[in-house]
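To start, the structure under review is shown below, and the notes come after it.
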Amino acid sequence: MPRPKDPEIRTMLIARAAHMLRVREPVTLRSLVAGTGMSTMTVYTYFGGMDGLWGALRQEGFRHLADRLQRVARTDDPVRDLTAMGAAYVSTAVASPDLYRVMFDDGFKLEDPAQADETLFHLVHAIDRAKGDGRFRSEVDVLGLATQSWAIGHGLTSLIITGPLPIEAFAHAAPMLTALYVSNGDEPERCRRSVMLGWSEIDTSSVRA
């Protein structure tokens, strides 16, 4: 009878791989188990191989991101809160850029795609709240606006952490988001203040040159 799998070993291997990505160490079968007392077969036992490990890493990245978005403070200004979620998204990505790249590599299957979708639905819920408060027009497509908001944050983040754009390019996000939200019905000056407040929560101190 096969020995039951220890969930702590699985968690440890995922955490170890994430740390290796963060410090830019090569993640291979041998390097992953080096110094742990485990054999390379452990990776096959718990993940079915390296592809399974990368899929688990993708999942961990989305889980961490969803948790970070969940912790964004809710205020009486829904557009500020929506923008603060964008700032939290960017802050999470620049803190772990290598894990961020893995998250969006769909060559490795996610264990729970619905959990990844939940990151977008945090924006959907925030936009729905802003719409209910009259900040956006009643006919605004909530999912469409969430997708556009995500595209702005994701696009800038990807271009910055992969090198073509400097860190200063994050300053473009606030006017881009303001223009997007105003085009969907928000009052220009009020929107500008809300977006600036939310975007001010961005933390790029950990970005690497």
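How big is D, in µm² s⁻¹, for segment 88-209 by Stokes-Einstein at 20 °C and 1.002 mPa s if Rh is the Kirkwood radius over C-alpha pairs? Calculated translational D: 138 µm²/s. Taken per residue, the accessible surface of the chain reaches 53 Å², heavy atoms only and a 1.4 Å probe. Based on the Stokes-Einstein relation at 37 °C and a viscosity of 0.692 mPa s, and on the Kirkwood radius from alpha carbon pairs, segment 115-180 is assigned a translational diffusion coefficient of 253 µm²/s. Its residue count N sets the reference 2.2 N^0.38 Å, and the alpha-carbon radius of gyration of segment 76-129 equals 1.30 times that reference.
Ligands, DNA and RNA excluded, the heavy atoms of Tyr46 present near 40 Å² of accessible surface to a 1.4 Å solvent probe.
Write down the Å³ per residue value for the convex hull defined by the alpha carbon atoms of segment 1-104.
Numbers: hull volume 11.7 nm³, N = 104.
Per residue, the Cα convex hull of segment 1-104 comes to 112 Å³.
Taking the 1.4 Å solvent-accessible surface of the chain as the whole, the part contributed by carbon and sulfur is 56%. Take every Cα pair under 8 Å whose residues are at least 6 apart in sequence, average their separation, divide by the length of the chain, and the relative contact order is 25 percent. Shown in residue order for segment 84-98 are the 3J(HN,Hα) couplings computed by the Karplus curve 6.51 cos²θ - 1.76 cosθ + 1.60 at θ = phi - 60°: 4, 5, x, 5, 5, 4, 5, 4, 5, 5, 6, 6, 9, x, 6 Hz (x for Gly and Pro). In this structure Glu111 has an accessible area near 100 Å², from a 1.4 Å probe over the protein heavy atoms. A dipole drawn for the chain from +1 and -1 charges on Cβ atoms has a positive end, and of Ala34, Leu110, His154 the residue lying farthest that way is Ala34. Accessible area per residue was computed with a 1.4 Å probe on protein heavy atoms; Asp128 scores about 90 Å². Quick one: in segment 42-153, what % of C-alpha pairs are over 24 Å apart? The proportion of pairs with Cα distances above 24 Å equals 31 percent. Extension gain for Arg101 to Arg71 (0.36 nm times residue separation, less C-alpha to C-alpha distance): 8.5 nm.
Against the globular-protein guess of 2.2 N^0.38 Å, express the Cα radius of gyration of segment 152-203 as a ratio, rounded to two decimals. Don't skip to the end; give the middle numbers.
Numbers: Rg = 11.9 Å, N = 52, 2.2 N^0.38 = 9.9 Å.
Against the empirical 2.2 N^0.38 Å value, I get 1.20 for segment 152-203.
Accessible surface comparison of Trp150, Trp199, probe 1.4 Å, protein chains only, largest first: the order is Trp150, Trp199.
Rounded to the nearest 20, the Cβ-based charge dipole of the chain about its Cα centre (Lys and Arg +1, Asp and Glu -1) stands at 540 debye.
Dividing the alpha-carbon radius of gyration of the chain by 2.2 N^0.38 Å (N being the number of residues), what value is obtained? Don't skip to the end; give the middle numbers.
Values: Rg = 19.5 Å, N = 209, 2.2 N^0.38 = 16.8 Å.
So the chain has a normalised radius of gyration of 1.17.
The values are calculated or read from the model by the stated rules, or taken from the named source; none is laboratory data. Bear in mind that the values here come from a model prediction, so they are computed numbers and not experimental data. Backbone-built Cβ (ideal geometry, glycine too); neighbour counts: all protein chains shown. Note: areas computed on protein heavy atoms with side chains; ligands, DNA, RNA excluded. Shrake-Rupley method; radii C 1.70, N 1.55, O 1.52, S 1.80 Å.
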